Amino acid sequence: MNSIPPSAENFSLIEGGLFRKAQVKLGVNNHQGALALAGICFAWLPLVIFNALDGTLYSGVSSPFVEDIAMHARILIALPVLILIRKVIDIKSTGTIKYVSDYLLEPADRQRLLEVKLPRYRKLACSSLTEVVLLLIILASILSLVESGVYGGLQGGATTWKFAGLPENNVMSLAGKWAVFISIPFFQFLLLQWLWRYIVWIMLLFHISGLPLKLLPTHADRSGGLGILILAQRSFSFIFVAGSLVLSGQLMVFIMNTPDDILMVQRVGIGYIILCVIMLLLPLVFFMGKLVRTKQLGLLHLSELGIEMSQTFEKEWLNNESFEDRIEKRQVDPSMAYDYSSMYDVLQQLRVVPVTLRDVIGIAVSLAVPFVPILFVYYSAAEVLQKIIGLLM
């Protein structure tokens, strides 16, 4: 058995892949801010330059580049988010795996998880082959969309910065080609990569839920010691926040063109938030069976202890003996009964799913924040303020 203590990399699920190897070789693997800026310069800045050269940056066509809110939300905001979240997700997921392996597993199970299972899941999550497959999927989808005319621009003779001349001519401008074949695929690759990693994370949690975990029924987190799992789920929620940013941009364009369909926009936004919350909380349900058993066994053991303590307490304290004599005989301290009662109350509140209502609300709010600008597109600032005051009052 290897006696060398594992380093932080041994617990990481997202170490590896061509993109990561390139960062390491360039020496920017730990500079997420610089990488986010480089991503903007690579995907968004050329669009500005090409549109400026074509005269479609802020005029010259019916839909100039600066008015393309959906594209800016996707490339200028959501794309850097997908780059910046790497460190947060890595720290939280790594810390969660380390905690589970160090404190909730027996040495043999811990060794098997770190030396056999985790490397397999890491390879599945971010190997070079995985990234190549994702790139091929994106390339195939782009070619399919181009051939089917999805990128055919606006209808009715309107002009857009993505095309040279009228959209029906189907001749993309240089800016349009960069957007369709470089900027959007780059964003799609980052998004699909994170979504796939999250799927693998779900698979890992499912595997961990089947291991003989040493759960503690009286743990202060009221989740048997599994309350830390929500920290990782919160970090992964940033993936879906990036999706909120993109969807918000699309809905803003939609509501500006068809302002009468505000109810449809509301349904889409609320539906997306609910779906994301379900996807983030679903892996925690894997541990329900173990937490139910932990709670039942804990209550049974505490009940047995309570009978013994109550019998001893009543025998030694519910009599006519003086207080001084009881102290001298070092009989049962009444505070022990109070402590036992508090412990029993804590165990009764043990959650069969390691998440609180506050956690759910926090995740839902973070997903909803990107949709707030839609309100200011449809309503004036005064109307929004009036509605908020009305809800509060």
Practice item. Would you pull out the residues with amide H under 5 Å of Phe163's amide H, same chain only if 5 or more places away, H placed 1.01 Å from N? Key: Ser173
**Study point:** Across Lys123/Lys162; Lys21/Lys98; Lys25/Lys214; Lys92/Lys290; Lys25/Lys162; Lys117/Lys295, pairs whose alpha-carbon gap is larger than 31 Å
**Key:** Lys123/Lys162; Lys25/Lys214; Lys25/Lys162
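Laboratory data are not the source of any read-out in this text; all were calculated from the coordinates shown. These numbers were taken from a predicted model, which means no experiment stands behind them.
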